[in-house]
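See below for the structure under consideration.
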Amino acid sequence: MTEPKLSEDIKKVVEKWRNKKGSLVMILHEIQNAYGYVPRETSLELSKYLDVPLAQIYEVITFYNYFKLEKPGTHRIAVCMGTACYLKGAPVILQELKELLDVEEGHNTKDGLFALDVVRCLGCCGLAPVMMIDSKVYGKVKKEEIMNILSEYGKEE
Ligand code: FES
């Protein structure tokens, strides 16, 4: 997706929600849905159009962890830390991913290839420990397999 042509896009969204209850959250939702995150320049524009302090916009963004401030990585890795996965070794899987990718949870790798997230139960506890990359589920994951899995998505050793 191309970067937002900020002013025109923001104007349209703002006009749609202006004077409605909870409009700031709804506007931010639309931006997040369109671009996968809320770019800083967009927050600045929004602050001007709505005449709302930037700090207030960031308060909303950081309150709901649904909103992201970073452009998402190309491939999203979701490591399940639900009870079943946790007990079957998910912390080891997460640690290995962090080390191999040199990234902390909730962030993107430096090359932007992966985003690493932790989730609660992916609904396939019988396969614990489970992780997902984009829409593909990996069950009974072993630490030794992770590098191979990542290489399917272009990660080089
Ligand atoms: S706890 Fe991990 S899939 Fe349910």
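Nothing in this text is a laboratory measurement; each read-out follows from the coordinates by a stated rule. Bear in mind that the values here come from a model prediction, so they are computed numbers and not experimental data. With ideal geometry, Cβ positions are generated from the backbone for all residues, glycine too; neighbour counts draw on all protein chains shown.
Return only the number of the condition from (1) part of a loop (DSSP other than H, G, I, E, B); (2) free of Cβ contacts under 8 Å to residues at least 40 places away in the same chain; (3) more than 13 Å from residue 76 (Cα to Cα) that residue 141 does not satisfy.
Of everything listed in (1) part of a loop (DSSP other than H, G, I, E, B); (2) free of Cβ contacts under 8 Å to residues at least 40 places away in the same chain; (3) more than 13 Å from residue 76 (Cα to Cα), residue 141 misses just condition (2).
Hey, can you tell me all the residues within the stretch 135-154 that are loosely packed, with under 12 Cβ neighbours inside 10 Å and hydrophobic (A, V, I, L, M, F, W, C)?
If the condition is that a residue be loosely packed, with under 12 Cβ neighbours inside 10 Å and hydrophobic (A, V, I, L, M, F, W, C), then no residue fits.
Out of curiosity, is residue 112 of a type in the set (Gly, Ala, Ser) and more than 16 Å from residue 132 (Cα to Cα)?
yes
Evaluate the following for residue 66: is it exposed (fewer than 12 other Cβ atoms within 10 Å of the Cβ) and part of a loop (DSSP other than H, G, I, E, B)? Before you say what the answer is, go through the steps one by one.
Numbers: exposed (fewer than 12 other Cβ atoms within 10 Å of the Cβ): yes; part of a loop (DSSP other than H, G, I, E, B): yes.
It is true that residue 66 is exposed (fewer than 12 other Cβ atoms within 10 Å of the Cβ) and part of a loop (DSSP other than H, G, I, E, B).
Filter the stretch 81-104 down to the residues that are over 19 Å from residue 136 (Cβ atoms), surrounded by 15 or more Cβ atoms within 10 Å (Cβ to Cβ) and among the β-branched types (Val, Ile, Thr) and list them by number.
Passing the criteria: only 103.
List the residue pairs whose Cβ atoms are under 6 Å apart, where the first residue sits in the stretch 77-88 and is within 19 Å of residue 135 (Cβ to Cβ), the second is part of a loop (DSSP other than H, G, I, E, B), and the two are 6 or more positions apart or on different chains.
80/122; 80/130; 82/120; 82/121; 85/128; 85/129; 85/130
Looking at this structure, is residue 78 assigned to a helix (DSSP H, G or I) and either within 14 Å of the ligand (Cβ to nearest atom) or surrounded by fewer than 19 Cβ atoms within 10 Å (Cβ to Cβ) (or both)? Before you say what the answer is, go through the steps one by one.
Numbers: assigned to a helix (DSSP H, G or I): no; either within 14 Å of the ligand (Cβ to nearest atom) or surrounded by fewer than 19 Cβ atoms within 10 Å (Cβ to Cβ) (or both): yes.
So residue 78 does not fit the description; no.
Which numbered condition trips up residue 115, out of (1) in a helix (DSSP H, G or I); (2) more than 12 Å from the ligand (Cβ to nearest atom); (3) closer than 27 Å to residue 71 by Cβ; (4) touching a Pro at 6+ places or on another chain (Cβ under 9 Å)?
Tallying (1) in a helix (DSSP H, G or I); (2) more than 12 Å from the ligand (Cβ to nearest atom); (3) closer than 27 Å to residue 71 by Cβ; (4) touching a Pro at 6+ places or on another chain (Cβ under 9 Å), residue 115 fails exactly one: (1).
In the stretch 144-154, which residues are assigned to a loop (DSSP other than H, G, I, E, B) and either within 16 Å of residue 90 (Cα to Cα) or in contact with a His (Cβ under 9 Å, 6 or more places away or on another chain) (or both)?
Keep residues of the stretch 144-154 that are assigned to a loop (DSSP other than H, G, I, E, B), which gives 152-154.
Selection gives 153, 154.
Considering only the stretch 81-109, state which residues are away from the ligand (no atom under 16 Å from the Cβ) and not polar (S, T, N, Q). Steps first, please.
Filtering the stretch 81-109 down to residues away from the ligand (no atom under 16 Å from the Cβ) leaves 95-96, 98-104, 106-109.
Scanning the stretch 81-109 gives 96, 98, 99, 100, 101, 102, 103, 104, 106, 107.
So, in the stretch 124-137, of the ones that are within 11 Å of the ligand (Cβ to nearest atom) and part of a strand (DSSP E or B), which residue ends up nearest to residue 87 (Cα to Cα)? Break it down stepwise before answering.
Of the stretch 124-137, the ones within 11 Å of the ligand (Cβ to nearest atom) are 124-132, 137.
Retained after the next criterion (residues that are part of a strand (DSSP E or B)): 131-132, 137.
Values: 131: 14, 132: 18, 137: 18 Å.
Filtering first and then ranking leaves 131.
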